[in-house]
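The values are calculated or read from the model by the stated rules, or taken from the named source; none is laboratory data. Quantities reported herein were computed from a predicted structural model and do not represent experimental measurements. Neighbour counts run over all protein chains shown; Cβ positions are idealised from the backbone, glycine included. These accessible areas exclude ligands, DNA and RNA; they are computed on the full protein's heavy atoms, side chains included. Shrake-Rupley method; radii C 1.70, N 1.55, O 1.52, S 1.80 Å.
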Amino acid sequence: MSEKPATTLLFFYGTLMHPHVLYSVICDTSKATHPSTFPHVKAALPGFIRHPVRNKPYPAMVPSTEHRVHGIVTDTESLSFATGISGSRIVELLDRFEGVQYRRVTVGFEVMEESGESADGNDDKAENALFREKLLAGGEMHTAAAYEWTAGVDALEVGEGNWSYEEFVRTRLSGYLDDEAETVDPRT
């Protein structure tokens, strides 16, 4: 009997919260063939703040004891099931996508109450409820991998407003996917 591979929880707080962006990073297929959802829960990460990156459509997360970053948590097991790509390969592809400006860190997070509709339609209620139940069955303390900005605050729009996922989906998503298709090849 073979052992089930370990799953990694992943905390996303920016463009990777959108299914088409996430699947574009971990798959080598067109966005038309991506699933439109993935199991996730809303989560908050204490001890960090999210800022827009200057002249970019994506944010950065940096330590800040007085703040918290809201995002979502999913896991490599669910993404592997949807894509057929191993969990370790998914993490490798995410590391490559984030590049040298970010580093993967282990962070503690809080599961948030679900409320309202998602800006992107990534809200399969039954799938998310099952994922939430599985996650909460593991106890109160949770950790996940997240990507922390390491390229310095000079590249961030500090104090100029918070990066908004809803605004990204509304105004920048389409162009972002087109730009990423030209610059990111997850097969390499």
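Would you point out which residue out of Ala119, Ala151, Ala181, Ala126 is open to solvent by 40 Å² or more (accessible area, probe 1.4 Å), part of a loop (DSSP other than H, G, I, E, B) and at pLDDT below 75?
Criteria check complete, one pass: Ala119.
Taking region 157-178 as the search range and keeping residues that are touching a strand residue (DSSP E or B) at 6+ places or on another chain (Cβ under 8 Å) and at pLDDT below 85, which one is least open to solvent (accessible area, probe 1.4 Å)?
If we take residues in region 157-178 being touching a strand residue (DSSP E or B) at 6+ places or on another chain (Cβ under 8 Å) and at pLDDT below 85, then Gly161 is least open to solvent (accessible area, probe 1.4 Å).
Among the residues of region 77-91, how many are part of a helix (DSSP H, G or I) and farther than 16 Å from Thr37 by Cβ? Steps first, please.
Filtering region 77-91 down to residues part of a helix (DSSP H, G or I) leaves 77-83, 87-91.
Checking which are farther than 16 Å from Thr37 by Cβ leaves us with 87-91.
The total comes to 5.
Name the single residue, out of those in region 22-43 being at pLDDT below 85 and in a helix (DSSP H, G or I), that is surrounded by the most Cβ atoms within 10 Å (Cβ to Cβ).
Among them, the one singled out is Lys31.
Anything in region 71-97 that is within 14 Å of Ala146 (Cβ to Cβ) and crowded, with 19+ Cβ neighbours inside 10 Å? List them, or say none.
Taking region 71-97 first, the residues within 14 Å of Ala146 (Cβ to Cβ) are 71-76, 91, 94-95, 97.
Matches in region 71-97: Gly71, Ile72, Val73, Thr74, Asp75, Thr76, Leu94, Phe97.
If I filter region 129-142 down to residues being closer than 17 Å to Thr106 by Cβ and aliphatic (A, V, I, L, M), which single residue comes out as modelled with the highest pLDDT?
Filtering region 129-142 for residues that are closer than 17 Å to Thr106 by Cβ and aliphatic (A, V, I, L, M), the one modelled with the highest pLDDT comes out as Leu135.
When you go through Arg103, Arg68 one by one, which is the residue that is outside any loop (DSSP other than H, G, I, E, B), open to solvent by 50 Å² or more (accessible area, probe 1.4 Å) and at pLDDT 95 or above?
Numbers: Arg68 fails: at pLDDT 95 or above.
Residue meeting the stated conditions: Arg103.
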